[in-house]
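*Asks:* The structure follows.
What follows is calculated from the coordinates using simple rules that are stated; it is not laboratory data. From a predicted model like this one, the values you see are computed outputs, not experimental measurements. Here the Cβ is made from the backbone with ideal geometry for all residues, glycine too, and neighbour counts use every protein chain on show.
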Amino acid sequence: MKQTIEILKKRIDVAAKRTPADLVIKNGKIINVFTREILTDDIAIVDGFIAGIGDFEGNETIDASGKYIVPGFIDGHVHIESAMVTPSEFANVVLPHGVTTVIADPHEIANVSGVDGIEFMLKASEGIPLDVFLMLPSCVPATPFENAGATLEAEQLEPFYTHPRVIGLGEVMDFPSVFHNDEKMLKKLADASIQEKRIDGHAAGIDSNGINVYMAAGIRTDHECVTPEEALDRLRKGMYVMLREGSAAKDLIALLQAVNEQNARRCLFVTDDKHLDELINEGSIDYNVITAIKEGLDPLLAIQMATLNAAECFGLKTKGAVAPGYEADFLILNDLDTIDIEKVYKSGKLVAMNGEIVSHCESKVAPSPSIIDSVKINSVTSDHLQIKINDGSLANIIGIIPNKIVTKHLIENVDSKNGLFQCNLEKDHLKLAVVERHKKTGNVGLGIIKGLGIKNGAVASTVAHDSHNIVAAGTSDEDLMKAIHLTSEMKGGLVVVQNGEMIASLPLPISGLISDQPSSIVNKRISELNQALIKIGCSMEFNPFVTLSFLALPVIPELKLTDVGLFNVKTLRHIQIEA
């Protein structure tokens, strides 16, 4: 709400008790995130803001006796596209879990659709009962080692800073460009600094001196820590550390070992990439808070991390607390230790109750034709999928680590016949392919993967961070080809194939990343995909599609696959499959 003299006057009159509040929440146990106390008082709300804490009267009153009042949760770093639904449908899912504000980075859709993708996410998140702030994608493409759908330079990004919900520059994952003073990267960093915007980091595998470089460049956050030691190093250098619990990267429990009374104010919670079914069934930031409490963190400290810390990290001066002058985004809990959410209020309005959205939010923005028509490939034949390797040779293999986005660089003997690689189900050696899908280059990168567990069939997806080419894995060339072509025919999506037949799919026509259907339908299709994954032999101890989506990301160690070929992240170069 734009501040005016009349709005201020009304708010002050309520605070001074000259005018009754619109709404008063009475007798609630308020979680004070400034002092980490529990105080029983009334909350006076007017025009979506809290005017006062104390003894108040209002036009409407709600008795919260015995309940806890907690600020709305803030997700400090999320890619809405990873939930595969539009921002309005995303709101319908996360609001019942107490998330009232998200800091979103649209670099997934930007890597496919460029400026059009960013504009779509801004328009599609306008006027919904979830505050969506955007960090502009800093690395489109993520690296020069692959082909993406767009290139965004500082000149394309700079005009977006005038938008009131654009608050910074998104995760800077191109460390070499920062380290070597690349002029294009420096321009992006300088523009954000001149505009007094935040800059997010992405310091996967970067050593202590690398953190010096990032801090010197004005980068102040990192969500890629995987060990307590990494977290402490970043905290000691002055960074905010984001404790991530997503679908592929589940780092929260390990990182909680680094959190203590002295450093917790520099820690916040994020989901980064989380699939729709897990958001619905498991939760969002509420899950992070619940897990932290179970692991022994003081509930008030965990709540502070999920609210005030995140708000302060991003300069959201009226969010993150139940206090006078703050927005009336809050939760009413039945129980503090289990974060049992009864009601969710956004700007003083009830938006969710007992795990259900009160008023369904519908998307009112139609994507442009360029966003819908984003999958362009040449025909893929069996010849494109042949991996040449000498009989009895050692091969460089991508080794999956369950529930991690990092991989192992394995070197193992593989089977071959007539100089061509053969899948071996006992060794779990499968074929992996990345097909360029933006410009019809005809590029097909090939590799060998271990740990996916498919016994008979193939999977393919146009969700393949960050360039989002088609990524596919399987036990036979026939099923691989079928899966690749099916994803193209449905203009993007996820598919499971067995014996040449599609047994489950999820169309994602918006940039090949997002469905145009309600979250309930998308969730049903995800359930069908999961059943199909079990049918083709996947163990399901981790999410195969989420894991698959990160196998093409050449900024996360150790070994990945791009449309150009097998890539060693440590040496930043493509390598041969034969070791």
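*Asks:* Let me check I've understood the local charge: for GLU126, count other residues with C-beta under 14 angstrom from its C-beta, Lys and Arg +1, Asp and Glu -1. What total comes out?
*Replies:* 0
*Asks:* I've got another one for you. Counting Lys +1, Arg +1, Asp -1, Glu -1, what net charge surrounds ILE341 among other residues with beta carbon under 12 Å of its beta carbon?
*Replies:* Within the 12 Å Cβ shell, the charges total -3.
*Asks:* Please list 71-82, 294-305, 530-541 highest first by mean number of surrounding beta-carbon atoms within 10 Å per residue.
*Replies:* 71-82, 294-305, 530-541
*Asks:* Charges on Cβ only, +1 for Lys and Arg, -1 for Asp and Glu, centred on the Cα centroid of segment 370-574; of ILE389, ASN568, VAL471, which one is farthest towards the dipole's positive end?
*Replies:* ASN568
*Asks:* About its Cα centre, how strong a charge dipole does segment 370-574 have in debye, to the nearest 20, once Lys and Arg get +1 and Asp and Glu get -1 at the Cβ?
*Replies:* Here the size comes out at about 340 debye.
*Asks:* Straight-line reach from LYS349: which aspartates and glutamates fall under 15 Å, measuring Cα to Cα and dropping same-chain residues less than 8 apart?
*Replies:* List returned: ASP22, ASP47, GLU60, ASP131, GLU327, ASP329.
*Asks:* How big is the equivalent ellipsoid of the chain along its three axes, where each semi-axis is √(5λ) from the Cα gyration tensor, reported in whole Å from largest to smallest?
*Replies:* Over the Cα atoms of the chain, the ellipsoid semi-axes are 43, 24, 22 Å.
*Asks:* How large, in Å, is segment 370-574 by the Kirkwood hydrodynamic radius built from its alpha-carbon pairs?
*Replies:* It works out to 16.7 Å.
*Asks:* I've got another one for you. Can you give me the relative contact order of segment 492-536 as a percent, contacts being Cα pairs under 8 Å and 6 or more apart?
*Replies:* RCO, segment 492-536: 36 percent.
*Asks:* Could you sort out which of LYS188/LYS431; LYS450/LYS482; LYS187/LYS404; LYS29/LYS197; LYS184/LYS346; LYS319/LYS570 sit more than 30 Å apart by Cα distance in this structure?
*Replies:* The pairs that break the limit, which is 30 Å between Cα atoms, are LYS188/LYS431; LYS187/LYS404; LYS29/LYS197; LYS184/LYS346; LYS319/LYS570.
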